[in-house]
Amino acid sequence: MCTLSVIQIGDGGYRAVHSRDEQRSRGTAYPPAWRTLDSGLRVQYPTDSDAGGTWVVTSDQGVTAGVLNYNNAEKTNPNASRSRGEIPLTLIELPDLETMLSTLQAMDLSYYATFTGFAIESGGGDQSGVRMLVVQWDGTELGVVRNPSDAFEPIAIASSGLGDEFVQGRLPLFAELVAGNPTAESQDRYTMHRWDDCPEYSVLMSRKDARTVSITSVEVNGEDEPMMGYQELPENDPSCDPVGAGMLQ
């Protein structure tokens, strides 16, 4: 359960915001930290305290990779035995998006529950150079949603444990609030948006068994070191968890 939005900033940079929705029973994640992988690549990512791995990782080269859940009643993988949080850490060490795609296509994904995977590269000063890969594993096949060669446009992806079809209203909301005016401010308004009459379907989600627990943002401008922001959202706080606070039923 998550929402991802990505916009271009500056000349070839990008900003990605990943809202993490989780069951209330899950442990609190560890905040982002810089680490050096065996290959020598420096990366930054938060860590899932229950299963390990991560939902989003950024390298000092300006590349970001991550995963969201993909929930479809007709597409499942009951035999999954490994954490999808391994996937971003596998992809981030690869040299480019094309290699990431070919690696995923060659992998035995039957060990993983269904997911949407993504990776983003900075344009490094070329205003049209931001590239993005989006794939979807449905338990049987890996489909390509966005190729690296596709012209970049602002994008939002929404997922929910109730079924992804129930939260697709987040996409026209993104078009309304962000796509025509892709700024950090409009993106943040989108990320913190809630429909009071249906908080369970909102971007800032709150329901009895789950809620938006954190927001991770990545800013890459092609010049400075990539910046990863991380905000944990307090449980039972009326401003971000009205159902948990008992304000909405």
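Summary table
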quantity	calculated
Extension gain (nm, one decimal) between THR140 and MET227, 0.36 nm per residue minus Cα-Cα	27.8 nm
Length-normalised contact order of the stretch 115-249 in % [C-alpha pairs under 8 Å, at least 6 apart]	14 percent
Label-to-label distance, nm, for residues given as ASP38 and PHE166 (7 Å Cα→Cβ offset)	4.2 nm
Gyration tensor verdict on the stretch 131-179 (Cα atoms; rounded if a/c is under 1.5, prolate if a/b is larger than b/c, oblate otherwise)	oblate
Viscosity 0.692 mPa s, 37 °C: Kirkwood-radius Stokes-Einstein D of the stretch 95-148 over Cα pairs, µm²/s	276 µm²/s
Mean Cβ count within 10 Å, highest first, over the residues of peptides 187-199, 69-81, 129-141	129-141, 187-199, 69-81
Protection proxy ranking of 219-232, 7-20 - average other beta-carbon atoms within 10 Å, highest first	7-20, 219-232
Segments 151-159, 26-34 sorted - mean Cβ within 10 Å per residue, highest first	151-159, 26-34
Calculated log₁₀ intensity ratio I(q)/I(0) where the Debye formula runs over C-alpha points of the stretch 1-63, q = 0.23 Å⁻¹	-1.08
Global geometry of the stretch 34-167, whether rounded, prolate or oblate, following the gyration tensor of its Cα atoms and the 1.5 cut on a/c	oblate
Percent accessible area from carbon and sulfur atoms, the stretch 135-179, protein chains only, probe 1.4 Å	50 percent
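The values are calculated or read from the model by the stated rules, or taken from the named source; none is laboratory data. Remember, it's a predicted structure, so these values are computed and weren't measured experimentally. Using ideal geometry, Cβ is built from the backbone for each residue, glycine included, and neighbour counts are taken over all protein chains shown. Note: areas computed on protein heavy atoms with side chains; ligands, DNA, RNA excluded. Shrake-Rupley method; radii C 1.70, N 1.55, O 1.52, S 1.80 Å.
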